[in-house]
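The values are calculated or read from the model by the stated rules, or taken from the named source; none is laboratory data. Everything quoted here is computed from the prediction, not taken from an experiment. Glycine also receives a Cβ, built like all others from the backbone with ideal geometry; neighbour counts cover every protein chain displayed. These accessible areas exclude ligands, DNA and RNA; they are computed on the full protein's heavy atoms, side chains included. Shrake-Rupley method; radii C 1.70, N 1.55, O 1.52, S 1.80 Å.
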Amino acid sequence: MSKLSIMKTTLTLFFLFVSTAFLHAQQTYYVSPSGSDTNVGSIEKPFQTIEKLNKIVFQPGDQILFQAKAIFTGSLVLDQTDSSSAEHPITIGSYGKGRATLKASSSNGILIQNLSGIHIQNLIITSHILMQNDGYGVKIYNDAGGNKMLSNVRIKNVEASNFKWAGIYVGGVPTDLPNVKAIGGSRFGFRDVEISDCVAHHNMYYGIYVTASWTSSSIDYGNENVIIRDCVTHHNIGDATYTANHSGSGIMVD
């Protein structure tokens, strides 16, 4: 066998090993009110709380699934300590028939910060009381610096209500909101975004909001290839005390 043949065979075996190892590394984490946070998170032995999920370091291709028709309290957070990619997204959703409900208190329902490859689907996300909330239902946010645009966001069949800033937010730093400022190098948000079959209602500032950091010298958009389709927004009431800019929009993309 020639050196070239040996090299090709070695490379083939190497990539096969890496691909197999990656597939084996993907995990699906199940959460059920009847579970326990001392469990392993399998469908037979699910976790019980969002608090437990927030202690896990997630990897590309992982899935986080909540039991349908159950209610879970707290705020789910994934950030740059976790790992995802456009090619192997992390999926957050429900298992069983119907949708799970995530109920936040004064903060976000789901916060995703500085990660590509995020798919959120088949969930109801709400807070206890709108007037006591200071967050977003779903906030997928890029403030990583380096003027880098992240990619591959899918939000499907999500209902988001009772949040101050937006039911669903995707983008960079929303500098047109009150008292929000971007740090240098955090100009952009996301490309390849699709929000579909969603309902956003009874939020204060926005139902569905896609934006990024803006200045008077901006000549381009902070997000690219954004699709919003088959969505409904209603009763996003606005803030009567805020007069510096608009509020109370159903869908805002800028």
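Assorted remarks:
- Filter result (open to solvent by 50 Å² or more (accessible area, probe 1.4 Å), farther than 20 Å from Gly117 by Cβ and among the small types (Gly, Ala, Ser)) within the stretch 24-39: Ser34
- The stretch 40-78, residues that are more than 16 Å from Ile125 (Cα to Cα), in contact with a strand residue (DSSP E or B) (Cβ under 6 Å, 6 or more places away or on another chain) and open to solvent by 40 Å² or more (accessible area, probe 1.4 Å): Ile43, Asn54, Gln63
- Scanning the stretch 217-238 for residues that are at pLDDT below 95 and in contact with a Gly (Cβ under 8 Å, 6 or more places away or on another chain) returns Gly222, Asn223.
- In the stretch 135-165, of all residues being polar (S, T, N, Q) and farther than 24 Å from Lys69 by Cα, the one that is most open to solvent (accessible area, probe 1.4 Å) corresponds to Asn147.
- Total residues in the stretch 215-244 satisfying the condition of being surrounded by 10 or more Cβ atoms within 10 Å (Cβ to Cβ) and among the polar types (S, T, N, Q): the figure is 5.
- Listed by position, the strands (runs of 3 or more DSSP E) contained in the stretch 26-123 that have at least 2 residues being within 28 Å of Met149 (Cα to Cα) are 63-67, 76-78, 90-95, 110-113.
- Whichever residue in the stretch 79-101 is charged (D, E, K, R) and either out of contact with any strand residue (DSSP E or B) (no Cβ under 7 Å at 6 or more places or on another chain) or open to solvent by less than 20 Å² (accessible area, probe 1.4 Å) (or both) and, among such residues, is farthest from Ser34 (Cα to Cα): Glu87
- For Ile43, the test of being within 15 Å of the chain's Cα centre (by Cα) and among the hydrophobic types (A, V, I, L, M, F, W, C) is failed.
- Residue match in the stretch 208-231 (condition: over 25 Å from Asp143 (Cα atoms), of a type in the set (Val, Ile, Thr) and part of a loop (DSSP other than H, G, I, E, B)): no
- Any hit, the stretch 33-54, residues being at pLDDT 95 or above and of a type in the set (Lys, Arg): yes
- Leading residue by the ranking (farthest from Ala160 (Cα to Cα)) among those in the stretch 201-216 that are at pLDDT below 95 and within 20 Å of the chain's Cα centre (by Cα): Ser213
- Summed over the stretch 178-200, the residues that are open to solvent by 10 Å² or more (accessible area, probe 1.4 Å) and within 18 Å of the chain's Cα centre (by Cα) give a count of 6.
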